[in-house]
Amino acid sequence: MEAVRIENALAQRAHEQSALYHFTDRLYRARSLTDIYDAALDAIRDALGCPRASILRFDADGVMRFVAWRGLSETYRAAVDGHSPWRPGDLNAQPICVDDVAGEDVPEPLKAIILKEGIRALAFIPLTIDDKVIGKFMTYFETPREFTEHELQLSVTIARQLGFSIGRRLADEAAWRLIAIVESSDDAIFAKDLDGTITNWNAGAERLFGYSENEVVGKSGTMLIPSDRVDEELTILARLRHGERIDHYETVRLRKDGSLVDISLTVSPIKDADGSIIGVSKIARDITDRRRAQEKQQLLLSEMGHRIKNLFAVASSIVNVSARSAASPAALASAVSDRLNALARAHSLTLFRAAADGAVNQPATTMHALVRTILSPYDNSNDNNPKSRLTIDGPDVPVSGNAITPIALLLYEFATNAAKYGSLSTPDGSIDIKCAEEGGRFVLTWHECGGPRAQMQNSDGFGSKLANASAAQLDANLSYHWSSAGLIIRLSVLPDRLTC
């Protein structure tokens with residue numbers, strides 16, 4: 001009899017080892033939590049010889065819920081769902097065995113449901129990750145029984161492998177989600193070791209910098225840094241090695257094609273399981289559009305300030321010039337009002353007109369008409385004084401579309417400077433404008449006469465920058481000649497640029 005008992009025991013151990021082997025193999029090949037749960041339920045039933053089993057886990061609200069089961073009715077599961085001897089994260093949880101439900105101190109309604117399900121004995125085996133309870137698996141027997149130490153050890157072994165597999169799967173899923181986030185990000189996300197060698201590179205980095213992953217991984221990150229900023233990278237790495245935090249900052253980096261790109265850069269340490277810093281991760285965002293918007297905003301603010309100063313100076317000049325020829329206060333008021341209204345009309349020509357759909361909607365005009373409108377505030381001609389301060393000769397050409405604003409800005413700048421410093425600042429000064437065609441280009445020559453001696457103005461002023469920017473917008477050539485007879489300005493542009 002003893003020999004038979006030993007033989008049966010050995011056979012049972014062999015069966016248990018085989019069940020554990022198949023369990024481990026299935027866990028290795030599992031592709032989802034469902035696969036893991038199925039493997040565990042089969043191992044529990046096979047190794048422990050129990051006909052029914054279940055796996056429960058805490059949900060997001062900390063309530064224990066069934067996630068997988070074998071041989072349990074919906075009524076039973078609904079009745080015991082949420083019951084747990086442990087709370088989420090409990091440490092050092094130990095198995096709990098109920099040898100006979102009928103003799104336990106359990107609320108009668110619950111006991112009745114358990115007995116009706118045909119369950120007389122059961123065991124609670126904690127599932128843990130990092131020694132913290134995340135759930136449990138249950139074994140159910142139809143007859144009372146005394147759980148042996150060996151059965152409990154076997155149950156704990158299965159529970160440990162199950163908990164480890166669940167934890168690994170959750171970590172893998174979190175890593176896959178993170179990888180998906182990184183790979184789909186429009187931002188450039190890449191990593192370096194503490195020597196500055198690039199170790200990771202996402203699709204956003206490829207789009208921003210132009211290098212494929214194969215072209216950069218394993219190479220020094222200095223390939224992205226302009227030569228005048230290499231010390232910046234060395235300083236960052238040194239600070240990270242000492243555990244310092246690097247707040248995001250704006251800088252410049254180098255693309256594969258040699259161009260520079262403005263970026264906002266975030267630098268974070270990469271730590272191993274022991275908390276030691278082993279590298280750095282970087283998130284770079286292209287801020288070129290934002291920089292351009294800021295520069296445009298600053299340009300508009302500067303232009304506004306420049307125009308306001310010009311308007312006050314020109315208004316003062318208009319009052320002074322009008323006062324010299326006015327016969328009475330009423331005549332002075334009328335002349336000043338007329339000229340200020342003309343100045344407002346001229347000023348409006350220098351502003352973009354946006355249509356409802358966002359397109360620029362500039363009406364067509366001609367060069368002569370544009371010149372006369374811009375200079376009308378400074379002209380002395382009226383019924384009593386028919387002599388004009390403006391002469392314009394030569395062929396007229398159409399001006400339309402996007403060309404009106406830069407041409408108007410140029411003429412407006414010429415006129416306001418003449419009113420402040422040149423021929424329009426004196427009662428007898430005048431402007432002589434010649435239009436001509438030379439070598440397939442339209443040429444406008446602005447000649448100030450009868451004013452003070454022309455003196456070279458500061459070319460670094462905003463007015464000069466605005467004039468040069470307007471000329472550049474037209475691909476025009478702009479030149480100045482200061483002479484004793486007065487300032488001469490020459491504007492040369494292709495005719496098709498005036499109607500673009």
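Please count how many residues of the range 152-192 are among the aliphatic types (A, V, I, L, M), in contact with a helix residue (DSSP H, G or I) (Cβ under 9 Å, 6 or more places away or on another chain) and within 30 Å of Met223 (Cα to Cα).
Number of matching residues: 3.
For Gly463, only one of the following conditions fails: (1) modelled with pLDDT of 90 or more; (2) under 52 Å from the mean Cα position of the chain (by Cα); (3) not acidic (Asp, Glu). What is its number?
Unmet for Gly463, out of (1) modelled with pLDDT of 90 or more; (2) under 52 Å from the mean Cα position of the chain (by Cα); (3) not acidic (Asp, Glu): (1).
Test each condition in (1) closer than 15 Å to Thr199 by Cβ; (2) of a type in the set (S, T, N, Q); (3) part of a strand (DSSP E or B) for Thr222 and report the one that comes out false.
(3)
Among the residues that make up the range 106-113, is at least one of them at pLDDT below 95 and in contact with a strand residue (DSSP E or B) (Cβ under 7 Å, 6 or more places away or on another chain)?
Scanning the range 106-113, I find no residue that is at pLDDT below 95 and in contact with a strand residue (DSSP E or B) (Cβ under 7 Å, 6 or more places away or on another chain), so the answer is no.
Might you check whether a residue that is open to solvent by 60 Å² or more (accessible area, probe 1.4 Å), at pLDDT 80 or above, not charged (D, E, K, R) and not in a helix (DSSP H, G or I) occurs anywhere in the range 384-395?
Yes, that holds for at least one residue.
Residue-by-condition table, conditions (1) touching a residue at least 12 places away in the same chain (Cβ under 8 Å); (2) closer than 24 Å to Tyr21 by Cβ:
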site: His150; (1), (2): no, yes
site: Leu162; (1), (2): yes, yes
site: Arg177; (1), (2): no, no
site: Phe190; (1), (2): yes, no
site: Ile198; (1), (2): yes, no
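Is it the case, given these coordinates, that Lys136 is assigned to a strand (DSSP E or B), within 30 Å of Ile225 (Cβ to Cβ) and in contact (Cβ under 8 Å) with a residue 60 or more places away in the chain?
Answer is no for this residue.
If you go through the range 187-213, how many residues are assigned to a loop (DSSP other than H, G, I, E, B) and surrounded by 12 or more Cβ atoms within 10 Å (Cβ to Cβ)?
Residues meeting the conditions: 7.
Look at the range 70-108 and say how many of its residues are open to solvent by 70 Å² or more (accessible area, probe 1.4 Å), out of contact with any Phe, Trp or Tyr (no Cβ under 9 Å at 6 or more places or on another chain) and either assigned to a loop (DSSP other than H, G, I, E, B) or in contact (Cβ under 8 Å) with a residue 24 or more places away in the chain (or both).
8
Scanning for something hydrophobic (A, V, I, L, M, F, W, C), farther than 30 Å from Val267 by Cβ and outside any strand (DSSP E or B), does the range 165-185 turn up at least one residue?
Taking every residue of the range 165-185 in turn, at least one turns out to be hydrophobic (A, V, I, L, M, F, W, C), farther than 30 Å from Val267 by Cβ and outside any strand (DSSP E or B).
The values are calculated or read from the model by the stated rules, or taken from the named source; none is laboratory data. Just so it is clear, the structure is predicted and the values come from calculations on it, not from any experiment. Note: ideal-geometry Cβ built from the backbone for every residue, glycine included; neighbour counts use all protein chains shown. Only protein heavy atoms, including side chains, enter the accessible area calculation; ligands, DNA and RNA are left aside. Shrake-Rupley method; radii C 1.70, N 1.55, O 1.52, S 1.80 Å.
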